[in-house]
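Everything below concerns the one structure shown next.
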Amino acid sequence: MKTKRRRILPRHNINVTPFIDILLVLLVIFMTISPNERTGLNAAVPQPPPPGPRTQRQENVIVLSMDRSGVIRINQDEIEPSDLAHRLQDIFKTRNDRTMFVQGDAALLFNDVAQLIDMAKGAGVDRMGLMTERISPRR
């Protein structure tokens, strides 16, 4: 008697259990590798001034400004660009508060303002604020 040979037919469904196991292992690996702390730049968001009279002394504020013709000033005193770094070092070597404000004319390229910021950072300024013109709210 002749025995019939059984044909093995391919299955039409996929066994997904090994794929789920691999997925869970990869998930655990990436969760342990990824850092938990946030990275980025620390930015101090400006806050509105408190109500009441101002008590801040204006002589402590250092404003570095450049107008559209390229004239650099420190608190309205005109400074030569070659003497700027030395003058800023002299100002900030005796100060505990190393905060300065930079004001550039609207017609200037940002590259010019960025060079002022670089010189100030090199002179020892820790915190820097960029001054802009006041924007009035629309009605």
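Its Cα centre serving as origin, the chain has a Cβ charge dipole (Lys and Arg +1, Asp and Glu -1) of approximately 2100 debye. Annotation for Glu133 and Ser34: the two label points, set 7 Å from Cα along the Cα-Cβ direction, are 4.5 nm apart. Tell me the carbon and sulfur percent of the accessible area for the chain, rounded to whole percent, probe radius 1.4 Å. Carbon-and-sulfur percentage of accessible area, whole number: 55. Computed over protein heavy atoms with a 1.4 Å probe, the accessible surface of the chain works out to 94 Å² per residue. For the chain, the calculated P(r) over all alpha carbon pairs, in 10 Å bins from 0 to the bin holding the longest distance, is 8, 25, 19, 11, 8, 9, 7, 5, 4, 3, 2, 0 percent. Relative contact order for the chain: 19 percent, from Cα pairs under 8 Å spaced at least 6 residues apart, divided by residue count. If you wrap the tightest convex hull around every Cα atom of region 46-107 and split its volume per residue, you get 121 Å³. If you line up the long axis of helix 17-33 against the longest principal axis of the chain, both from Cα atoms, how many degrees apart are they, to the nearest 10? Approximately 20 degrees, to the nearest ten.
The values are calculated or read from the model by the stated rules, or taken from the named source; none is laboratory data. The structure displayed is predicted, hence computed values, not measured ones. Cβ coordinates were reconstructed from backbone atoms using ideal geometry, including for glycine residues, and neighbour counts include every protein chain displayed. The protein model used for the area step is the full one, side chains on, heavy atoms only, and it has no ligands, DNA or RNA in it. Shrake-Rupley method; radii C 1.70, N 1.55, O 1.52, S 1.80 Å.
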